[in-house]
1. Take the stretch 1-31 and flag every residue that is charged (D, E, K, R) and loosely packed, with under 13 Cβ neighbours inside 10 Å.
2. Starting from the stretch 62-78, take each residue that is of a type outside the set (A, V, I, L, M) and list its partners that are modelled with pLDDT under 95 and loosely packed, with under 12 Cβ neighbours inside 10 Å, counting only C-beta distances under 7 angstrom and pairs at least six apart or across chains.
3. Considering every residue within the stretch 39-46, establish whether at least one is surrounded by fewer than 15 Cβ atoms within 10 Å (Cβ to Cβ), assigned to a strand (DSSP E or B) and touching a helix residue (DSSP H, G or I) at 6+ places or on another chain (Cβ under 8 Å).
4. Taking the conditions exactly as written (among the β-branched types (Val, Ile, Thr), out of contact with any helix residue (DSSP H, G or I) (no Cβ under 8 Å at 6 or more places or on another chain) and outside any helix (DSSP H, G or I)), does THR8 satisfy them or not?
5. Looking at the structure I just gave you, is VAL56 within 14 Å of the chain's Cα centre (by Cα), assigned to a helix (DSSP H, G or I) and either modelled with pLDDT of 95 or more or not hydroxyl-bearing (Ser, Thr, Tyr) (or both)?
6. Would you pick out the residues in the stretch 1-57 that are free of Cβ contacts under 8 Å to residues at least 12 places away in the same chain and either small (Gly, Ala, Ser) or touching a Pro at 6+ places or on another chain (Cβ under 7 Å) (or both)?
Amino acid sequence: MSESLFATQLVHADHVRSFQIRTAFPAGWEVSEHDNQQTVYQQRYADWHRVERTLVRFKLEIAELRRQGWRDLTASPD
């Protein structure tokens with residue numbers, strides 16, 4: 001069982017982008033990015049600093065998509 005630490009889904013017309021970070025047992029975190037259900041990026045990390053860098057990248061990309069008119073379907077607190 002994994003716990004979601006960050007999850008955001010954005011939509012523009014019928015196009016959906018999603019970003020997620022969750023705990024991965026027995027140790028570590030799994031980060032993933034999807035574009036219309038296709039996995040664009042998926043990685044498992046044991047080092048929290050790599051997760052933090054990925055989270056910064058996700059947040060920058062999400063901000064840019066919102067600037068371009070994408071809207072939120074769901075979002076987790078930052």
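The values are calculated or read from the model by the stated rules, or taken from the named source; none is laboratory data. As the structure is a prediction and not an experimental result, all values here were calculated from the model. Please note: Cβ atoms are built from the backbone with ideal geometry, for glycine as well, and neighbour counts cover all protein chains shown.
1. Result: GLU3, ASP14.
2. So the pair list comes out as SER76/SER4.
3. Scanning the stretch 39-46, I find at least one residue that is surrounded by fewer than 15 Cβ atoms within 10 Å (Cβ to Cβ), assigned to a strand (DSSP E or B) and touching a helix residue (DSSP H, G or I) at 6+ places or on another chain (Cβ under 8 Å), so the answer is yes.
4. Spelling it out, it is not the case that THR8 is among the β-branched types (Val, Ile, Thr), out of contact with any helix residue (DSSP H, G or I) (no Cβ under 8 Å at 6 or more places or on another chain) and outside any helix (DSSP H, G or I).
5. Criteria met by VAL56.
6. ALA13
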